[in-house]
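The values are calculated or read from the model by the stated rules, or taken from the named source; none is laboratory data. These numbers were taken from a predicted model, which means no experiment stands behind them. Note that we place each Cβ from the backbone using ideal geometry, even for glycine, and neighbour counts take in every protein chain shown.
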Amino acid sequence: MESREAAREAIAREKALEERTNKEIKRQVQMGVSSIQRQTASEPGVNISPPGQLKSSCASMEMPTIQDGVGMHFPMDDITEPLTTCELHIPQRTATVMVAIGVVTSVNPTKTPRIHGAIVLPGYASVLVDRVVKGYSNVQLEIEGGDGEKTLEEAEKTFICWRKRYIIIPGASPSSLPLPPRHEPNPRCG
């Protein structure tokens, strides 16, 4: 009798979690779309080159921006163990600082990674927050946890999404992290 009630409660929690996840996905998509719309509206397509002159070739020399590490390879992408200890970092000035210890699982490349029933966004990985470093409990999560967690402290002992670029595998060679090519300014372009 109690197990049926527990199963009903679990199903209800799962449905509520799925609703929250879908709302969060919609919210983030709307934010991205509105950001693109604002950016497009603020960048008029005006050619400032004098009439009869081609557009500057220097503009085509700009390096593309790698956004949020999407499409990049990180040391955590090479893990093969089911549960691997990791450090969760955040950017701070010109370096990063460890804010938590966690566990990350290897990703099956043939399956779409999911967390709490939702697809893990590109550039992110699902990690279990094991222990938050003292003084960093109020670090805000970029993506809310499955039960509405907004800070690292609230997310302790739960799974959350974390940017791959800030997941450090102790003992992994930092040289295995390819850096984007260094952009040397073209002296002709100023």
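A few notes on this one:
- Of the criteria (1) within 20 Å of K164 (Cα to Cα); (2) modelled with pLDDT under 75; (3) surrounded by 10 or more Cβ atoms within 10 Å (Cβ to Cβ), which one T105 fails: (2)
- Within the stretch 78-102, the set of residues being in contact with a strand residue (DSSP E or B) (Cβ under 7 Å, 6 or more places away or on another chain) and closer than 13 Å to Y166 by Cα comprises C86, E87, L88, H89, I90, T96, V97, M98, V99, A100, I101, G102.
- When the residues of the stretch 119-141 are filtered to those that are exposed (fewer than 15 other Cβ atoms within 10 Å of the Cβ) and on the phi < 0 side of the Ramachandran plot, the one that is nearest to the chain's Cα centre (by Cα) is P122.
- Those residues of the stretch 108-133 which are among the hydrophobic types (A, V, I, L, M, F, W, C), closer than 13 Å to I160 by Cβ and assigned to a loop (DSSP other than H, G, I, E, B), in sequence order: V120, L121
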